[in-house]
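Here's the structure, in structure tokens; my notes come after.
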Amino acid sequence: MALLSSLVASAASLSERAREYRTQLAEKILPYWYDTAQDPTNGGFILADPGPAKDKAVVTQARMIWTFSLAHRKGFSDQRRNYLKAAEQGYRFLLVHFRDKAHGGYFWRTDLAGKPTKPHKFIYGQAFVIYALVEYHRASGDKAALQQAMDLYHTLQKHAHDTRYGGWLEHFTADWTPLPLRDPSGEVEMAGLKSANTHLHLMEALTELYEVTRDDEVRKSLEESLEINRKYFYPPDAARSCFHRNPDWSPVTDPRSAGLSYGHNVEFAWLMIRAETVLGRNPSWPHFYAHLDHALRHGWDNQRGGLYHRGIGNEPATDTTKVWWVQAEMLAALTEALQHEPNPTREAALMKLLDFLAKHQADPKDGVWFDSVTADGRPQNAAKAHNWKANYHDVRAILKFAEASWN
């Protein structure tokens, strides 16, 4: 009876927190991004808080389009702020300035006016463009946006898909010439290697592309990316997760590739469930809980709440920084878990995470999360927007939590 009473009380508290977060999204968090991130001079988005802004990156341009599209689709637009209009102007900027009309794909970086300054093609960025185009299509009904997503998918299959070993090569020049191993011009992960990070986000994008198109070729690619992530990067033994593999899937022995990311592990866990659901498969809950519970055992701050950044195997965390996106993915994963089945330990962890975020990670002025804080909550990087920090991780996780049923 005491346990039942406790669960009922926790559910009521979580329901209240969910309502509070939805109000924060509507009144503070989304308005912050709408009011501060749009570029009224050139179009697109400027992500620099604090500034000054230097350039624009395809990853965060795409993420902003995705979030504003989702915000509109979820009913947050009003007379003062039309989030679909914000997404639309970002979409137009992306097509005009980032799309490579000669070789296909999207440039990595431009100056503020939209002139390419790094025309390389990195698959991490291409994945987020697909993700954004699909969500913009959902919100707007624009069929051309979905066609752009399919065109980009076919471009990736032509130039980046590894027909010998499977998976996708990740780093290219503008004309899709692969970069050699550890080429210094490669950004995000390691040139010449295959990464857990890129293959995770490609799976994420393919999941949404397949749900909308039901295209057979896209389905095969989604199944391939799911299997690669499950087998090589995020195996059932979460301690054996890794950052990189060689192109033939053999392990990378370079110590710079050692360790694992608790944030990516739990992000994979819930995105795996999403992919399997879209494919019509039975969700792999044991695999999901293996990663979530490994993070709770080895990367979780039991005293204060919050998920640490990195670790090695089953050892204690090696980097106890609390990074905004890691907290967001833990929020999403714990929400996923508790919607599947009640569990007092995971519920207590969720409550602690919410408390930590409110006390230490969020700016009380606007609710936007700081880039990173120390384990005990002291500011480490107080930036709220930059070319790696848009509104995708945190708004997505907050909305997932706010829309969950906590009865």
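Could you tell me which trypsin sites (Lys or Arg not before Pro) in the stretch 321-407 are loop residues by DSSP with no more than 11 other beta carbons within 10 angstrom of their beta carbon?
Sparse-neighbourhood loop trypsin sites (Lys or Arg not before Pro): LYS365.
So which DSSP H runs in the chain come out at 27 Å plus along the axis (Cα) with average Kyte-Doolittle of at least -0.5?
Working: long enough: 2-24 (33 Å, -0.07).
Going by DSSP H runs, the hits are 2-24.
Between the DSSP loop rule and a limit of at most 14 other Cβ atoms within 10 Å, which trypsin sites (Lys or Arg not before Pro) in the stretch 101-166 are left? Before the final figure, lay out each step's value.
Working: sites: LYS101, ARG109, LYS121, ARG138, LYS143, LYS158, ARG164; in loops: LYS101, ARG164.
Passing both the DSSP loop test and the Cβ count: LYS101, ARG164.
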Checklist entry - What FRET efficiency comes out for the pair GLU20/GLN157, r = Cβ-Cβ distance, R0 = 51 Å, nearest 0.05? => result 0.70
Checklist entry - Assuming R0 = 30 Å, what is the FRET efficiency of ARG281 and ALA239, from their Cβ-Cβ distance, to the nearest 0.05? => result 0.75
Checklist entry - Normalised by the number of residues in the stretch 52-258, what is the relative contact order in percent for Cα pairs under 8 Å and 6+ residues apart? => result 17 percent
Item to check | Mean-position separation - Cα centroids, the stretch 124-164 and the stretch 254-320, in angstrom | outcome: 27 Å
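Expressed as a whole percent, how much of the Cα-Cα distance distribution for the chain exceeds 36 Å?
So the portion of pairs separated by more than 36 Å is 20 percent.
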Checklist entry - Anyone know which of LEU146, LEU222, LEU95 comes out most mobile in the 10 Å Cα GNM of the chain? => result LEU95
Checklist entry - In the stretch 52-258, if every C-alpha pair distance is counted and binned at 10 Å from zero, what percent goes to each bin? => result 9, 34, 35, 18, 4, 0
Checklist entry - Using 0.36 nm per residue, how much length does the chain from ASP248 to ALA12 gain when fully extended, once their Cα-Cα distance is taken away? => result 79.9 nm
Checklist entry - Between LEU84 and ASP100, how many nm apart are label points set 7 Å from Cα along the C-beta direction? => result 3.3 nm
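Work out how much length ARG304 to LEU181 would gain on full extension: take 0.36 nm times their residue separation and subtract the Cα-Cα distance, in nm to one decimal.
Details: separation 123, 0.36 × 123 = 44.28 nm, distance 4.11 nm.
Length gained, ARG304 through LEU181: 40.2 nm.
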Checklist outcome for this item: Expressed in µm² per second, the diffusion coefficient of the stretch 1-110 from the Stokes-Einstein equation, with Rh the Kirkwood radius over alpha carbon pairs, at 4 °C and 1.567 mPa s, is 81 µm²/s
Item to check | FRET efficiency, 1/(1 + (r/R0)^6) with R0 41 Å, evaluated for THR41 and ARG297 via beta carbons | outcome: 0.25
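All of the numbers you see were taken from the coordinates with simple rules; none came from a lab. Computed from a predicted structure; not experimentally measured. Reconstructed Cβ throughout: ideal geometry from the backbone, glycine too, with neighbour counts over all protein chains shown.
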